[in-house]
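A quick write-up on the structure given underneath.
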Amino acid sequence: MTAITGVGAYAPRFRITAEAFEEAWGQFHAAGVNEKAVPAADEDALTMGYEAATRALEAADVDGASVDWLAFAASRPPEAEEDLTARLGAMLALSESATRQTFTGSTRAGTRAIWAGMDAIDADSTTALVVTADAPRGDPDDGIDHAAGAGAAAFVLESGASETHRSHGDGPAEIVDHAEYATPYPGTRFRNTGEDETQGLGVTQYDRAAFTETIGGAVDGLEVDPDPEAAAIQAPDGKLPYRAAGAAGVSTDEIRAAATVHDLGDLGAASVPVSLASALADGYESILAVSHGGGAGADALFVRVDGAVRTETALEGDDALSYAEYLRQRGVVTTGPPAGGGAYVSVPSWRRSIPQRYRLEAGRCPDCGALQFPPEGACSSCGTLAEYEPVTLSGEGTIEAVTTISQGGAPPEFAEQQARSGDYAAAIVALEADADDGAETASIAAMGTDAAPDDFTVGDRIETTIRRIYTQEGVTRYGFKVRPTE
């Protein structure tokens, strides 16, 4: 039986309330959504997936190199055609030979990825990492966009891990049964080729019939009698999941126990995975998870827990946005990057710096022992030109100097992000080496994220994360940024 041995979940810190929409539009079309999570200008499904994945690996106490199967799922990935598991695997320091799969095209993609991970474990994989993240978008005056939130969840799957984890006094959670059901309901939810916004025909009875029939069919296909304490049901808004209670054979209280839609919004392919992660973090011992995708089809998973599952979640957010600020973060009311003038870095040159930008790989001078970042050129301490000893920085450190980049002060390649996010901090930080590599530090220039510039002060502790840096030649560059340590 496949076991979930580590769970991670993440949602952006920005929030916009139903009241903010009503003030702007005079109405709000997302029933049951009180507020929703909004990705920052430098966030997308890939960076949110990275946040959830690092937490899942930490919770499971699993090193990235131990993962031999990786899945990434999103109904709206940041690139319409690109194998993003290559980038995600590099960010997480997975083996280059690890099997990778991408799932997209439906809000069922998250549960399809979990299902595929189960099959991989049942075959010959030892440790699977399933990452699902999404940030749907619709037309500004449409209910799909009013409900559209953002978030991610990740699960470490292993086989035969139950006794090991029980000996440590915790789970894991076991996926004891799964089933699916599909029947054609065209037009319930779709995004046409070349379009950015998801849409639907908006025929209420038709949409509701597709939703309840497929969810009921998937649950009926389970061989076990679920009788769950919590039910994670696909949530296009905060009302539809409860209308499927009878079809799923659960009560509204059980749906409410796992619901994240009221505070995070519609998470697309991450809707059910994030709700499942939240229910596991809250200690529920039996959970029914049922996804639904336009078209229409559904997946049902039944999860049973023996003990507390190891979880690391970050789903809280307290930075409220006005509707104008919401449009700005999404890039709706900002122009694109200025023509010319930016510091051109070719994609091949950028690729050579990926070990530094993703995994903070530095070098130790063989003569004086100083750390050099990036590990190239002459040693900044003694001037030696020699081959550096590889050292990995920990991603934690202290601010040595900081300034604020305001409107008009950003380099051209960062101008679009600055227009969307506003002022940001630029800092010199002393990043520490991993404990095994000694106590030295390396001074590095970095952009701030996840906080206002005033929250970065000399002497404060910081940690690194991965975010969008800028886009050039149509290719988005990702790399580390720093944020205050909570």
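Charge tally around GLU463: other residues with Cβ under 9 Å, Lys/Arg +1 each, Asp/Glu -1 each, net 0.
Normalised by the number of residues in region 347-484, the mean separation of alpha-carbon contacts (under 8 Å, six or more apart) gives a relative contact order of 22 percent.
Applying 0.36 nm per residue to the separation of GLU22 and PHE190 and subtracting their alpha-carbon distance, the gain on full extension is 57.9 nm.
The Cα atoms of region 60-133 give a gyration tensor whose axes a ≥ b ≥ c have a/c of 1.5 or more with a/b no greater than b/c, which makes the shape oblate.
Which ordering of ARG108, ARG87 is given by a fewest-first count of other beta-carbon atoms within 10 Å? Each step should come with its number before you reach the end.
On the way: ARG108 28, ARG87 20.
Ascending number of Cβ neighbours within 10 Å: ARG87, ARG108.
Measuring r between the beta carbons of ALA445 and THR204 and using R0 = 56 Å, the FRET efficiency lands at 0.55. Taken over the Cα atoms of the chain, the convex hull encloses 148 Å³ per residue.
We did not get these values from a lab; they are worked out from the coordinates using the rules stated. Since the model is a prediction, treat every value here as computed from it, not as a measurement. All Cβ positions, glycine included, derive from the backbone under ideal geometry; neighbour counts span all protein chains shown.
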